[in-house]
Amino acid sequence: MTEQNKIDPETQEKIQELQTYEQNFQSLLMQKQAFQLELNETENALSEISNAKDDIFKIVGQIMIKADKEKTQEELKKKKELMSLRLKSIEKQESELTKQLEDLRKEVLAKIK
């Protein structure tokens, strides 16, 4: 008999649930990484704007246009706030999901042993 056949249906269901949680966790980490990257780019843009003495330009689609420095700075600050809020939300989800994963792993391991 294989190891899988020895595991009762309830434990097999818990294992599948654990795999689903792990997939969700990986997806969440990818989202977090994307938001962190976007936040870093926004912070870098804000830094460059504050250092700019002359005109600034921004890329819109396939073209670069001259932009108002203060207006662009405000847009970037709002974007930075939004990215920070999204990151906090994702980090909270990550924390909750990590706890659920740990609890479920312990439960599955206890049943398998």
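Nothing in this text is a laboratory measurement; each read-out follows from the coordinates by a stated rule. None of the values given here were measured: they were computed from a predicted structure. Glycine gets a Cβ as well: all are built from the backbone with ideal geometry, and neighbour counts include every protein chain shown.
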Restrict the check to the stretch 51-69 and report whether at least one residue is under 28 Å from the mean Cα position of the chain (by Cα), assigned to a helix (DSSP H, G or I) and surrounded by 13 or more Cβ atoms within 10 Å (Cβ to Cβ).
no
Going by what's in this entry, would residue 35 be described as farther than 30 Å from residue 6 by Cβ, among the aromatic types (Phe, Trp, Tyr) and part of a helix (DSSP H, G or I)?
yes
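Just to be sure, is residue 72 touching a residue at least 60 places away in the same chain (Cβ under 8 Å), surrounded by 14 or more Cβ atoms within 10 Å (Cβ to Cβ) and over 21 Å from the mean Cα position of the chain (by Cα)?
no
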Residue pairs, Cβ under 9 Å, 6 or more apart or interchain, first in the stretch 90-111 and free of Cβ contacts under 8 Å to residues at least 24 places away in the same chain and in a helix (DSSP H, G or I), second surrounded by 15 or more Cβ atoms within 10 Å (Cβ to Cβ) and among the β-branched types (Val, Ile, Thr). List them.
none
